[in-house]
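Note sheet for the following structure.
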Protein chains: 2
Amino acid sequence: MKLATLKNGSRDGRLVVVSRDLKHAVDAAAVAPTLQAAMDNWSRSEPGLQSLYQALNAGTQAGAFAFDPEQAMAPLPRTHQFVDASAFLNHGNIMERAFNLTVKRPEGVPILIQRQSDDFVGPCDDYPVRSWEDNCDYEGEFAVIVDDVAMGSSAAECEAAIRLITIINDVSMRRFVLPEAQMGFGFINAKPATVFAPVAVTPDELGDGWKDGRVQLDLHLSRNGEPVSHPNGREMDWSFGQLLAHLAYNRNLRAGTILGSGTVSNKAVSEVGSACLAEQRALEVLAQGAPKTPWLTGGERMRFEVKDAQGRSIFGAIDHQFVAASR
Amino acid sequence: MKLATLKNGSRDGRLVVVSRDLKHAVDAAAVAPTLQAAMDNWSRSEPGLQSLYQALNAGTQAGAFAFDPEQAMAPLPRTHQFVDASAFLNHGNIMERAFNLTVKRPEGVPILIQRQSDDFVGPCDDYPVRSWEDNCDYEGEFAVIVDDVAMGSSAAECEAAIRLITIINDVSMRRFVLPEAQMGFGFINAKPATVFAPVAVTPDELGDGWKDGRVQLDLHLSRNGEPVSHPNGREMDWSFGQLLAHLAYNRNLRAGTILGSGTVSNKAVSEVGSACLAEQRALEVLAQGAPKTPWLTGGERMRFEVKDAQGRSIFGAIDHQFVAASR
């Protein structure tokens, strides 16, 4: 099943069910007016949403209309918890080698970063940047949206609570990353709003691409229409279930919690490329002594997309432009 | 005006207006069913809520009933962003001196910590603790709840967007604080759920107690019925407006965002005491070479309350027990 949220002037938008081929949609208000409302009572809302999805795919759903990703907000335009991981250690290792850093990480403890969830950006919306001197970077990631998870749940229990999967561009302002990390309290100015794909899908939509609590598919990035990388999600050093279990050690996670994978990064980086500029520039430092790829600047476009074995887009594309903030 | 949220089995509870003396309440559903709904359109909801408040205080409001803080959830049982500051540098200075730590803080940059906001705890609810060996601590803080704040807003603009003020017990598991801070990515297991006072109030309710973007009132803490401290909020090294402006540098803050002050701490700590055990124990280390006050354990009760010049409770009391988590 594929779900999206369309702009209607409200903070939470309106929930629609989207056809598997992303061509059509139907309003889901009869089941739940918003995705948050659906997540708040998933066991009650899921059957109705699935019925709409089946009829939509069969071409028999009354009221179906053309799905326009330009009209999409983030699937959850706001939610109550967003945590980002840095679960591809290959990424951290490259950064540490290039810049002589050491993250003091206790054995077995994953990197998780509490983040804001009040103001997500839609897949095709212009992204306002306060200052180009803040070194604007993209970060391609997979993300899951979970149901209620009770304190102390196991990794398997957490994985079973994953309801939806999507992709994000977790934009960074690199000028602030190191100073804020050195303070020890996580990211503030380093991490403005996060951009979401138009569609979130149930895990079954990924078929073999969802295995071991990881999205085993390539994330394709392009910059201004030029392909830059296509790393695969299978190399996550912790599964989403394991990451969620660490988070839920001493607290409940409530429905609608979003967990990001961190920048997707593969050992075969020289073949598949990097999902963020910081990693690409770190590799340039290691190879040539200095970075050469520039940070993003005004008017640049980034596109993120995942395709199935038949080349069909799963989540639709994040395809957006970076612009100077008007204020 | 004073607002509270009562338990009704839903995730967001039901909004009530509470009388100034905290004795009576009236359902606010005719204006807004939940505090989030009221915050989502404050300019529209405020006049109706104020009308209820005036009639309630005058004793003329139909449908008024006795206000029972035991039935209160957090004013916002969940919201879309919670950020905690550490805005009393006196606290950090004591911690750094006692344990030979240095926070690498760029000049002028406040400590802000992105936190979870999906599962707040009500003022009188039992607080479940996973393990007493995690060194359970309380932290008494002031907090503000803000309206929409546009990216790039000034401190004055941010201060003008503060709609409500309350107090919190921002519980810490001290065993994880240093290792997680050393990783650089902020707190995960160190910071389980936060506890809120039964009532949030508009700034005018504080009279002279709200000045320069700070709550200039004493926060009274007691442990198992014994007073332990009463530090004043006036010594914040940044105002709430300044902290919000730092947060809003390159992002919008959306209605319902909560900002905590960090542990209230005064230079006259030997007279007024500490608002958390970690600080009290650090002072014992500095004075006697070792801590002597124990961390919290099962069955202990903590109470937090602020009174006006006439000795009347402003926010009601956080008064809750720590218990072993059932799972």
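The values are calculated or read from the model by the stated rules, or taken from the named source; none is laboratory data. For clarity, every value in this text was computed on a predicted model and none was experimentally measured. Positions of Cβ are backbone-derived with ideal geometry, glycine not excepted, and every protein chain shown enters the neighbour counts. Accessible surface is based on the protein model in full, side chains and every heavy atom, while ligands, DNA and RNA are left aside. Shrake-Rupley method; radii C 1.70, N 1.55, O 1.52, S 1.80 Å.
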Treating the point 7 Å from Cα along Cα-beta-carbon as the label, what are the nm separations from B:K7 to the other copies, to one decimal? 4.3
Classify the range B:174-327: rounded, prolate or oblate, from the alpha-carbon gyration tensor (a ≥ b ≥ c, eigenvalue square roots; a/c under 1.5 rounded; otherwise prolate if a/b is larger than b/c)? rounded
Heavy-atom accessible area per residue, the protein assembly as shown, 1.4 Å probe: how many Å²? 36
DSSP beta bridges in chain B: the antiparallel percent, rounded to 5, is 90
Ordered by number, the residues of the range A:75-90 that have at least 50 Å² less accessible area in the complete protein assembly than on their own chain alone (1.4 Å probe) are A:R78, A:H80
Considering the Cα trace of the range B:198-240, what is its radius of gyration and what is Dmax, both in angstroms? 12.1, 34
Could you identify the residue of B sitting closest to the B-A rotation axis by Cβ and state that distance rounded to whole angstrom? B:G186, 1
Taking Cα atoms, how many degrees apart are the long axis of helix B:42-58 and the longest axis of chain B, rounded to 10 and kept between 0 and 90? 80
Whole-Hz Karplus couplings 3J(HN,Hα) for the range B:15-32, θ = phi - 60° and coefficients 6.51, -1.76, 1.60, Gly and Pro as x, run 6, 10, 9, 10, 5, 4, 7, 6, 8, 10, 9, 9, 4, 10, 4, 5, 9, 7
On a 0 to 90 degree scale, rounded to 10, what angle separates helix B:89-99 from the longest Cα axis of chain B? 30
Total charge of the residues flanking A:Y53 in space, meaning their Cβ is under 15 Å from its Cβ, with Lys and Arg +1 and Asp and Glu -1, is -1
How big is the antiparallel share of DSSP beta bridges in the protein assembly as shown, given as a percent to the nearest 5? 90
Based on the Kirkwood radius over alpha-carbon pairs, what is the Stokes-Einstein translational diffusion coefficient of the range A:83-211 at 20 °C with 1.002 mPa s viscosity, in µm²/s? 128
SASA check, A:D319, accessible area w/ 1.4 Å probe, all protein chains in place, rounded to nearest 10 Å², comes out at 40
B:E271-B:T102 FRET efficiency (beta carbon distance; Förster radius 25 Å; 0.05 resolution): 0.35
Return a whole-number percent for the relative contact order of chain A, with Cα pairs under 8 Å and 6 or more residues apart as the contact set. 23
Using a 1.4 Å probe on protein heavy atoms, which residues of the range B:107-131 have at least 50 Å² less accessible area in the complex than alone? B:Q114, B:Q116, B:D118, B:D119, B:R130
Choice from A:V228, A:V177, A:V215 showing the highest fluctuation, given a GNM over chain A with Cα pairs closer than 10 Å: A:V177
Need one number: convex hull volume per residue for the protein assembly as shown, Cα atoms only, in Å³. 149
Over the Cα atoms, compute the radius of gyration (one decimal) and Dmax (the largest Cα-Cα distance, rounded to a whole number) for the range B:235-319, in Å. 17.0, 47
A:A282: net charge of surrounding residues, Cβ under 13 Å, Lys/Arg +1, Asp/Glu -1, itself excluded? 0
Which residue fluctuates the most in chain B, going by a Gaussian network model with Cα springs under 10 Å, if the choices are B:D12, B:D147, B:D134? B:D134
Estimated [θ] at 222 nm from DSSP helical runs (n ≥ 4, -39500 (n - 2.57)) normalised by residues in chain A, nearest 500: -6000 deg cm²/dmol
Name the residues of the range A:248-289 whose accessible area falls by at least 20 Å² when all protein chains are present instead of the chain alone, probe 1.4 Å? A:Y249, A:N250, A:R251, A:N252, A:R254
Between the alpha carbon centres of the range A:6-47 and the range A:212-251 the gap in Å comes to 25
Size of electric dipole in the range A:276-327: Cβ of Lys, Arg +1 and of Asp, Glu -1, about Cα centre, debye, nearest 20: 120
Distance between the C-alpha centers of the range B:58-87 and the range B:292-327? Whole Å please. 17
Using the reciprocal of the averaged 1/r over all distinct C-alpha pairs, how large is the Kirkwood radius of the range A:8-106 in Å? 16.3
Given a 1.4 angstrom probe, I'd like the percentage of the accessible area of the protein assembly as shown that is carbon and sulfur, rounded to a whole number. 48
Area buried, chain A against chain B - accessible surface, total, 1.4 angstrom probe, square angstrom: 5400
Taking a 32 Å limit on the Cα-Cα distance, which of the listed pairs A:K292/B:K191; A:K104/A:K267; A:K104/A:K211; B:K7/B:K307 fall beyond it? A:K292/B:K191
Rule-of-thumb check for chain A: C-alpha Rg over 2.2 N^0.38 Å? 0.96
Could you tell me the calculated FRET efficiency between A:D126 and B:D27, based on Cβ-Cβ distance and R0 = 35 angstrom, to the nearest 0.05? 0.25
